[in-house]
Amino acid sequence: MLKSKVKGRYRKGRNARLYQGDILKDITFVTGRSEKEKEKDEYSLPFFIIMNQDCDLNNDFNYRKKTDSEEQDKFLLSILVCPAFSIEDFASGNHLGDWKMRVIYKKEIEKIKKNDSEKRYHYLESNNELSIPELVVDFKCFFTIPRDLIYSHKKQGYVASLNELFREELSQRFANYLSRIGLP
């Protein structure tokens, strides 16, 4: 029988490139509004998870190292991320700062923690050794952040990575949520 190499939900990576399922912390970035509004919104994310497919992240990293590469179709301009909120901030409705969200009651939190009935949310258990608190990912809230900004932030912001089985579960749940049939 083949023995699994996956020993837990998280692992600590030591690589230069980004991987699907990498968890990073404390990034601030700016998003633009329409030209009419002439203002920009600044977001700070205490934790976030890389959602791009790992093959795309790998190709981007490898082809950028080749100085003579003409295959720039492998390059990523931005990285898809989902914020991960501490369960306390999420439950209180304060996880999006100025946007007032509804309070999530204990009964709903218990459902979210099971990762089976609440399709919009994904729960990540804590890991004291890696300084990961209990986190909730809200699939309705996602961003693209410039690739170079995330790479410049990776050294000081990297926390841990989801092991393969757990990142696939997260990816499948995210894709299923986004591809659901919208009803009025």
Would you confirm, using the coordinates I've provided, whether residue 82 is assigned to a helix (DSSP H, G or I) and at pLDDT 80 or above? no
If we ask which residues in the stretch 148-184 are surrounded by 11 or more Cβ atoms within 10 Å (Cβ to Cβ) and without any contact (Cβ under 8 Å) to a residue 40 or more places away in the chain, their number turns out to be 4
Restricting attention to the stretch 96-107, the residues that are surrounded by 15 or more Cβ atoms within 10 Å (Cβ to Cβ) and at pLDDT 65 or above number exactly 1
Criterion first (in contact with a helix residue (DSSP H, G or I) (Cβ under 8 Å, 6 or more places away or on another chain) and at pLDDT 85 or above) does residue 75 satisfy it? yes
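The values are calculated or read from the model by the stated rules, or taken from the named source; none is laboratory data. Every value quoted in this text rests on a predicted model; they were computed, and no experiment measured them. We place every Cβ from the backbone using ideal geometry, glycine too, and count neighbours over all the protein chains shown.
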